[in-house]
Amino acid sequence: MGSVVTVQPYYKDGKSSDKLKKEIIEEIKRVDLIISKNNTESELYGINQNSGKENKISKELFDYIWDTTDIYSLSGNKLSVTSGALTELWGIDTEEFRLPDDSEIKKAIPLCLDSNIRVTENDLKISIGVQEGQIFNLGSVGKGIACDKAVEIIASEEQCEGAVVSVGGSVAVYGTHDGKDIWTVGIRDPYGSASDIFAKLNVKNCFISTSGNYEKKFIIDGKTYHHILDLETGYPVENDLAAVTVVASSGLESDAFSTMCYVLGEEESRKLLEMYEAEAVFIYSDKTVSVTDGLKESLEIINDDYSLK
């Protein structure tokens, strides 16, 4: 998934956690071979190569696509699971960035509509198809899915009392550690280095994902372009947000919503977060911070440059 994966399990008897860590890493590799858009051996890659045709699809991959589509359907076509035509145009998926021509963007936008997805089911087998030229892209939820699978394994390990897992910008906290059920998770400072945090969240069993304009970006003729695209315009989102951190009950949801909240902005996002019983921290470019009600007691700002709205 192009990300560093860390796993820190806690055992009551202090037993070695190497076996559990290995099992989690192997499971994340397995999932990557299902959902990766760029790995030529993955299931999703094969489906994208047959764009415009009907493809047999595993139940697991279908569920990932459908669950993500369900969330992105709330965005008013600003996000989609078939965003690949645009993300490839900008070079976002390979980090070989380029600035496309307006004409290229206009041709790609109609290929990013999830309404074109066709699903058929015969003999308990599922087939999926899209318009020719459309490309499935699960990059915005892949790290959250990895956290979901990691927690499934941790929960099945009787001797493990809890763990924290991070996959890139997504984190899962589960169970207890050292007799405590509260976990402290740092929120990265959008204007600092990768190790700088401006706030902490004190939370119980949950999944946390952050999306920001600092993650992948490039500069051309003095203008900065980042990787979070508005599929209505075909260009990177331009608003007054620097980042959004979302806390949800699943990794897929936290990952999907962190991107969607960044694209839609705070006002429109709040009602959608309520639908999924998710919470969010909105970090603005002027270093002010807004937080949904469920996190007000959990958020601790530790950098004096930041302040609550």
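Go ahead and run the numbers for FRET between R118 and M275, Cβ-Cβ distance against an R0 of 22 Å, rounding to 0.05.
0.25
In whole Hz and in residue order, list the ³J(HN,Hα) couplings for region 109-120 that follow from phi through the Karplus curve 6.51 cos²θ - 1.76 cosθ + 1.60, θ = phi - 60°; x for Gly and Pro.
Each residue of region 109-120 in turn: 3, x, 8, 10, 9, 5, 5, 7, 5, 10, 10, 10 Hz.
Using amide H atoms built in the peptide plane, which far-off residues or other-chain residues are under 5 Å from I126 H to H?
For I126, whose amide H was placed from the backbone, the distant partners under 5 Å are I57.
Only four residue types carry charge here, +1 at the Cβ of Lys and Arg and -1 at the Cβ of Asp and Glu. Report the dipole size of region 2-146 about the Cα centre in Debye, rounded to the nearest 20.
Roughly 320 debye for region 2-146.
Could you work out [θ]222 nm for the chain from helices alone, using -39500 (n - 2.57) per DSSP H run of at least four and dividing by all its residues? Round to the nearest 500 deg cm²/dmol. List each step's numbers first, then the result.
Details: 8 runs with 92 residues, N = 309.
Mean residue ellipticity, 222 nm, calculated: -9000 deg cm²/dmol.
Which three extents, in angstrom, do the Cα atoms of region 101-198 have along their principal axes, listed largest first?
Cα spread of region 101-198 along its principal axes, largest to smallest: 55, 48, 14 Å.
Run the numbers on the chain and let me know its relative contact order in percent, using alpha-carbon pairs under 8 Å that are six or more apart.
About 18 percent, as a whole number.
Dimensions of region 1-144 along principal axes (Cα, Å, largest first)?
Answer, in whole Å and largest first: 61, 44, 30 Å.
Where the only charges are on Cβ atoms (+1 Lys, Arg; -1 Asp, Glu), what is the dipole of region 53-104 about its Cα centre, to the nearest 20 debye?
240
Once amide H atoms are built 1.01 Å from N in the peptide plane, which residues 5 or more positions from L241, or in another chain, come under 5 Å H to H?
S285
Do any of K15/K59; K19/K125; K125/K271; K59/K200; K106/K216; K37/K217 go past 30 Å between their Cα atoms, and which?
Flagged as over cut-off: K15/K59; K19/K125; K125/K271; K59/K200.
Using the number of other C-beta atoms within 10 angstrom as an exposure proxy, rank W90, W66 with the fewest first.
Least crowded to most crowded, the residues run W66, W90.
Go through region 94-101 residue by residue and turn each phi into a ³J(HN,Hα) via Karplus (6.51, -1.76, 1.60, θ = phi - 60°); whole Hz please, and just put x for glycine and proline.
Per-residue couplings from phi come out as 10, 6, 9, 5, 8, 9, x, 6 Hz.
What do the square roots of 5 times the Cα gyration tensor eigenvalues come to for region 182-308, in whole Å, largest first, as semi-axes of the equivalent ellipsoid?
Working: eigenvalues 105, 64, 31 Å².
Semi-axes (√(5λ), whole Å): 23, 18, 12.
What is the dipole size for the chain, taken about its Cα centre, with +1 at each Lys and Arg Cβ and -1 at each Asp and Glu Cβ, in debye to the nearest 20?
So the dipole magnitude of the chain works out to roughly 380 debye.
Take each of the peptides 227-240, 163-176, 294-307, 193-206, average the number of other beta-carbon atoms within 10 Å over its residues, and list them starting from the highest.
Going by the mean number of other Cβ atoms within 10 Å, highest first, we get 163-176, 227-240, 193-206, 294-307.
Kindly provide the pair-distance distribution of the chain built from C-alpha pairs, with 20 Å bins from 0 and whole-percent values in order of increasing distance.
Spelled out bin by bin, the chain gives 33, 58, 10, 0 percent.
Show the residues, 5+ positions off or on another chain, whose built amide H is closer than 5 Å to the amide H of E161.
The answer is Y10, Y11, K12.
Bear in mind these aren't lab numbers, they're just calculated from the coordinates by the rules spelled out. Here the structure is a predicted model, which means the values were calculated and not measured. Quick reminder, even Gly has a Cβ in these numbers, built from the backbone with ideal geometry, and neighbours come from all protein chains shown.
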